[in-house]
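All remarks here apply to the structure that follows.
The values are calculated or read from the model by the stated rules, or taken from the named source; none is laboratory data. Keep in mind the model is a prediction, meaning the values are calculated, not measured. FYI the Cβ positions are ideal-geometry reconstructions off the backbone, even for glycines, and counts take in every protein chain you see.
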Amino acid sequence: MLRRTASALAAVLALATVATACARSGPDPATAARSRGPITVWLSNNAQEAEWGRQMVADWNRLHLDQRVTAQNIPAGKTSEEAISASIIAGTSACLVFNTSPASVPQFQKQAGLVPLSDFPDGEQYIESRSGGLAGQYRSEDGKYYQLPWKSNPVMILYNKKLFAKAGLDPERPRLATYGQFLDTARKLVRSGATEAALWPAPSSEFFQSWFDFYPAFAAQSGGRSLVEDGKPQFDSPAGRQVADFWSTIYREKLAPKELYPGDALADGKAAMATVGPWAVAAYKDRVDWGVVPVPTSDGRPASRIHTFSDQKSVGMFSACENRATAWDVMKFATSEREDGRFLATTGQMPVRDHVEREFADWFAKNPAYRPFADQAGRVVEVPNVAGSIDVWQTFRDAWTRSVVFGRQSPASALREAAAGTRTILGEY
């Protein structure tokens, strides 16, 4: 789960602004691309990911005594992004970071902090053969790949069966497919006294919060559109306005609180539903008797046609790396079928592979709770890979909280203003 603040992200942007003037010169790219030797990789502090990562590194080191990999946690900071951005400026980045946010890739790229993976002879072929049709969302505006899409947490609606039953609802056949059904169900949950809130997303203004309320619903309602496509904002559209009106009704009727919950509302029984990814299967295993359904649409489309937000993280290779030939081989080793299978089994998160459920059919047969997420993983939408992406998201989020959450402006007017602001931002980069 993301825990970031707007002020911390402002620091990232400030660092990026001075990066060109302050960054240390890195190794010669042509020499580094051929060089092999020891490298360092950074892992997130997620316990399950760290467990997988350290075992992956141990397996590599047993086979490559002259190209030793050292695993470390991403350095401490207000955010991972701030720590990585600072390391780019100082020239101290790890060769590989196994938790690179796609939203930050344009900023890291602007800092000349990332190695274009397309420049490796098999770079594009490897990324596209592993990720299939999803790969194109990770191509940067200059046509190259600066990230290897690694693991996905497609967002779906998790619901508490006991609270549904308490409200007199059928927990095995929940009516959540259309906006009308979802709202009727939410009203019954709250008005029956079964729960304090139907759902309790963060109503705060951090840019990334839109990834867990607006963006999954927009991906579903729009048939898989991104926030920005072909240099133009897509959210000031019929689909965007339908989503905004839907969420505005939720807040206006007090089906979702306007205060931030200081914990996990679903686990604590304060909310009956939550927008989550497959990480939730293990997190709620012994705490919530849950079911899962796709994100609703206005017309209740079948699951096979519904898209959602990917909540993906990538692997990035950073320009301070001197032994890039080794780093590229480690990237491929860590995202091989064997290692992806181990990662899936250890974390429950979906490797960004073409037809992940079919590729790991035996595991999913033994762990059927993950199957809905695996099916959804083939229909996901990423954040737009455009310069100024974080500024775009913040502009949108400010409009969303002002209008949809707090009702200080009509959603249609707010989306129109945010779209104008987005066009200005995109024109400045």
Item checked: Filter pass, A412 being in the same structural domain as V228 (by TED's automatic domain parsing), small (G, A, S) and either more than 23 Å from Q137 (Cα to Cα) or under 22 Å from the mean Cα position of the chain (by Cα) (or both) -> yes
Next item on the list: State whether the residues of the range 73-83 include one that is without any contact (Cβ under 8 Å) to a residue 60 or more places away in the chain, under 20 Å from the mean Cα position of the chain (by Cα) and crowded, with 22+ Cβ neighbours inside 10 Å.
Entry: yes
Notebook entry, point to check: Which residues, counting only those in the range 295-322, are farther than 30 Å from S80 by Cα, within 23 Å of the chain's Cα centre (by Cα) and not basic (K, R)?
Noted result: P296, T297, A303, S304, I306
Check: How many residues does the range 90-103 hold that are assigned to a loop (DSSP other than H, G, I, E, B) and among the β-branched types (V, I, T)?
Finding: 1
Next item on the list: Six or more apart or on different chains, Cβ under 9 Å: which pairs go from a residue in the range 25-38 that's at positive phi and assigned by TED's automatic domain parsing to the domain that holds L96 to one that's in a loop (DSSP other than H, G, I, E, B) and surrounded by fewer than 16 Cβ atoms within 10 Å (Cβ to Cβ)? Could you list them?
Entry: G37/D66; G37/R68
Check: Among the numbered criteria (1) touching a residue at least 40 places away in the same chain (Cβ under 8 Å); (2) closer than 28 Å to R371 by Cα; (3) among the charged types (D, E, K, R), which single criterion is violated by K166?
Finding: (1)
Next item on the list: Test V57 against the stated conditions and say whether it is in the same structural domain as G26 (by TED's automatic domain parsing), touching a residue at least 24 places away in the same chain (Cβ under 8 Å) and not polar (S, T, N, Q).
Entry: no
Check: Does the range 93-116 include one or more residues that are at pLDDT below 95, of a type outside the set (D, E) and loosely packed, with under 15 Cβ neighbours inside 10 Å?
Finding: no
Next item on the list: Kindly check whether there is at least one residue in the range 128-136 that is surrounded by fewer than 20 Cβ atoms within 10 Å (Cβ to Cβ), more than 25 Å from S80 (Cβ to Cβ), among the hydroxyl-bearing types (S, T, Y) and not assigned by TED's automatic domain parsing to the domain that holds V293.
Entry: yes
Item checked: Residue count for the range 159-182, restricted to those that are out of contact with any strand residue (DSSP E or B) (no Cβ under 9 Å at 6 or more places or on another chain) and either under 17 Å from G300 (Cα atoms) or not assigned by TED's automatic domain parsing to the domain that holds P294 (or both) -> 4
Next item on the list: Looking only at the range 169-191, count how many residues are in contact with a helix residue (DSSP H, G or I) (Cβ under 7 Å, 6 or more places away or on another chain) and either surrounded by 21 or more Cβ atoms within 10 Å (Cβ to Cβ) or of a type in the set (G, A, S) (or both).
Entry: 5
Check: Considering only residues of the range 39-54 that are small (G, A, S) and in contact (Cβ under 8 Å) with a residue 12 or more places away in the chain, which is surrounded by the most Cβ atoms within 10 Å (Cβ to Cβ)?
Finding: G53
Checklist line | Residues of the range 103-143 that turn out to be over 29 Å from Q209 (Cα atoms) and among the hydroxyl-bearing types (S, T, Y), as a count | finding: 3
Note to self: Just to be sure before I move on: is R225 out of contact with any Leu (no Cβ under 6 Å at 6 or more places or on another chain), within 20 Å of G269 (Cα to Cα) and among the basic types (K, R) in the structure I sent?
What the structure shows: no
Next item on the list: Mind listing whichever residues of the range 69-89 are outside any helix (DSSP H, G or I) and of a type in the set (A, V, I, L, M, F, W, C)?
Entry: V69, A71, I74, A76
Check: Is it fair to say A334 is of a type in the set (A, V, I, L, M, F, W, C), within 30 Å of G91 (Cβ to Cβ), touching a helix residue (DSSP H, G or I) at 6+ places or on another chain (Cβ under 9 Å) and not assigned by TED's automatic domain parsing to the domain that holds R423?
Finding: yes
Check: Out of all the residues in the range 104-125, which are out of contact with any Cys (no Cβ under 8 Å at 6 or more places or on another chain) and part of a loop (DSSP other than H, G, I, E, B)?
Finding: Q111, A112, G113, P116, F120, P121, D122
